[in-house]
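Read through the structure below, which is laid out as structure tokens, and then see the notes.
The values are calculated or read from the model by the stated rules, or taken from the named source; none is laboratory data. The shown structure was predicted, so the numbers you read here are calculated from the model rather than taken from an experiment. So basically every Cβ, Gly included, is an ideal-geometry build from the backbone, and we count neighbours across all protein chains shown.
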Amino acid sequence: MITVSDKTKKLRRIDGVLQNLNKSYRSLVMTQNPKNAHPFMDQNTLVLCGNWLAWQFGPVLPNVIPYETALLKVKDVANIDTNLYERTDSWVYHEGKDITVFEGVSLGKSFQGSLALTVCNLARLFGVLSYFVKTYNIKEIIYIDFTPDVDITPVKLRSSAIKIVSSILSVRFIDKSQTLTNTEIEISDSYSQEPTSNFFIMLLRDAYVKFLCAFTYLRSLSTPKRFRVLICVGTSLAEPLMLGLNKNSIEAIFMARVFRKTFKNILGIICRPILAENLDEKSLTPEQNDKITEICEGVSSIIYDSDDFIVQFCRKLFVEHFAKIGAVDAAARQINSAKKFLQRVKPDRIIVDGIRNPPTRTIAEIAHTMDIPVDYIWHSILVPQYIQIPGLVGDRYTPPLISRCLSWGSTNDRWLKRTNVKTPCLRVGSPVSARYQKRPNNTANKLVLSPSTNILILQYAPIVSDPKSMNARLYEYFVDSHLLLQAQKFENLLFKLHPGPKRWKPSYFQAIADQFGFKAVIIKKKPFHSCVSWADIVIGPPQTGAMFETLAIGKPYYPVIYEPHCFDLSFYDDYPIYSSIQAVIDSMLAGYVPNGKKLLNSVYSTDDIPNSTHEFWGALDSTGPDNPFS
């Protein structure tokens, strides 16, 4: 059994916190740091703390607890476990009509990807406050400076969300946010913070795009007319699909910017029947600007017409945030650009690898109005959660946008069946399966460990679509992984955060390590492939492509997922999923190496379909089979 150091004992776990509470409280205070609640503190006040580190090393009082604690008790988080995206879109409808239609496209649904995070946070907020109000007979909610760890809601509107929920719960709302100057350590990047590009690099990129577009356009003028397929996918799919194109009867249209600037890619584009294109932004006419103003005014006039707090807040966010920062105008320009683009290139069929975010969602919706069939293919591994996606199944007022699904493997097929997708489906394999087919034989049956073993620890983090998962588990995972592994004398640990913007800051984790007194090497920007090349062992969550990248190069991956969550772990077949760092270490010390061969095949069809790109292009020569799930 592992000997845990005294430092580990300092960790205050979220489990069991509710057992120390009184039977009732008059007031509930919401704040990032318990010290901010001091003016309101008494025996009849319950304090919900949003900053895990501030709670962890703040005053040890039974009535000061982490905000997420109630999620251990709440079974149904505002009923969004399976319909998160339909709830996210519901605000656009008034009396059965989408009031945000612009040029035949739902302007409001363009924000589905961004608003899903807000809706998930709202659902968690409602679930948490409902539990505390009903269980502890709360009479008033005092807001100071609470915010979820990752959120798009501007500061000025955060209190509005809590005010709306307070009204629904029939408790008094007191806004004290104006009395505080916030000096807290930032947990995550600002959601509006975007990476900037070097001007010279942008210039070279534009020149590269213009060259590809001009060359392939001039070539197309001298070639016979072919069946045109527009491929709207990311780099990871675009490159193998481009290199695997072997149909002279097809002219594939790709966005030029999607390809990396390599000799192999440029040669591949030049030597194949490919048309490189660019989605140029088109300005809006005065009439279109007037239409946007009309839409915003219409939404503003019906914010509170619905009793649904999610509908109310999404409408408020659309009018008072997205419209004011120019995001609504930008979405309208993108719709305008996509419409003109499709009218110009005239594809016979379209492939998209996303149906929730622009520009792929916008293109699919415009194609639907133009009677152009649209195929959907996954761009990354499936999250094992039964959430229905309106673009695939439709909603109460709108049919599906997709004509056919191109499945990677049996995992996709099971998900389509469980989420009631009626669209025809054809399994073609994953376009990226070749990299997994080349995997070396699995690592040795017996794991050999030493103090110098390189262990890569990937950030554990709740995903947007899982309202039950808890950020507190992320920080417990960070502390446990370091202290427990270091207690076993492992010296080479590397902790990698998700590299994207608008996510957790390395400085927050460094502050946690400093408080607990352990050494941590924390990175964010370093490419994953160089990290996994260094590693002998990888520990991380299961719902990430990094798990499969690790298995593909024959290295052991030990996935960890904590309760509560919304996932169906049967999607991972017989691959072991661990519930704690302790369980991972026990398995490692026993020398156990998980074998991912079966899992890779169920996800990517690595064995079932030897040449997936051939299957993909072949599928475009046929209409596909009838839906096997009907």
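Can you pull out every residue in the stretch 278-317 that is surrounded by 13 or more Cβ atoms within 10 Å (Cβ to Cβ) and over 23 Å from PHE102 (Cβ atoms)?
Result: ASP308, PHE309.
Report, by residue number, each residue of the stretch 475-492 that is hydrophobic (A, V, I, L, M, F, W, C) and crowded, with 20+ Cβ neighbours inside 10 Å.
PHE478, VAL479, LEU483, LEU484, LEU485, PHE490
Quick one: how many residues across the stretch 396-411 are farther than 20 Å from MET370 by Cα and either touching a Gly at 6+ places or on another chain (Cβ under 6 Å) or part of a loop (DSSP other than H, G, I, E, B) (or both)?
Adding up the residues that qualify gives 3.
Of the residues that make up the stretch 508-516, is at least one free of Cβ contacts under 8 Å to residues at least 12 places away in the same chain and closer than 29 Å to THR147 by Cβ?
yes
Considering the stretch 96-148 alone, what residues qualify as being part of a helix (DSSP H, G or I) and more than 24 Å from the chain's Cα centre (by Cα)?
LEU129, SER130, TYR131, PHE132, VAL133, LYS134, THR135, TYR136
Scan the stretch 374-390 and give yes if some residue there is part of a strand (DSSP E or B), at pLDDT 95 or above and of a type in the set (Phe, Trp, Tyr), otherwise no.
Scanning the stretch 374-390 turns up at least one residue that is part of a strand (DSSP E or B), at pLDDT 95 or above and of a type in the set (Phe, Trp, Tyr).
Need pairs with beta-carbon distance below 8 Å; first residue without any contact (Cβ under 8 Å) to a residue 12 or more places away in the chain and within the stretch 369-395, second assigned to a loop (DSSP other than H, G, I, E, B); sequence gap 6+ or separate chains.
Qualifying pairs under 8 Å: GLY394/PRO400.
Pull out all pairs, ordered by first then second residue, where Cβ-Cβ is under 9 Å, the residues are six or more apart or on different chains, the first lies in the stretch 284-300 and is closer than 24 Å to PHE313 by Cβ, and the second is of a type in the set (Asp, Glu).
Once the first residue is closer than 24 Å to PHE313 by Cβ and sits in the stretch 284-300, its partners that are of a type in the set (Asp, Glu) give ILE292/ASP329; SER300/GLU320.
Only one residue in THR293, THR216 is under 18 Å from ARG333 (Cβ atoms) and polar (S, T, N, Q). Which one?
THR293
Give ASP395, ASP371, ASP413 a once-over and let me know the one that is in the same structural domain as GLY429 (by TED's automatic domain parsing) and on the phi > 0 side of the Ramachandran plot.
Going through ASP395, ASP371, ASP413 in turn, the sole match is ASP371.
Every residue in the stretch 72-91 that is of a type in the set (Val, Ile, Thr) and either within 22 Å of the chain's Cα centre (by Cα) or in a strand (DSSP E or B) (or both), please.
VAL77, ILE80, THR82, THR88
Can you name every residue in the stretch 144-167 that is surrounded by fewer than 19 Cβ atoms within 10 Å (Cβ to Cβ), more than 21 Å from ALA116 (Cβ to Cβ) and touching a helix residue (DSSP H, G or I) at 6+ places or on another chain (Cβ under 9 Å)?
Within the stretch 144-167, LYS156, SER167 meet the criteria.
Could you please let me know if THR613 is under 30 Å from GLN488 (Cβ atoms), in a helix (DSSP H, G or I) and among the hydroxyl-bearing types (Ser, Thr, Tyr)?
Taking the combined requirement at face value, the residue does not satisfy it.
Of all residues in the stretch 308-328, which are touching a helix residue (DSSP H, G or I) at 6+ places or on another chain (Cβ under 8 Å), free of Cβ contacts under 8 Å to residues at least 40 places away in the same chain and in a loop (DSSP other than H, G, I, E, B)?
Within the stretch 308-328, just ALA323 meets the criteria.
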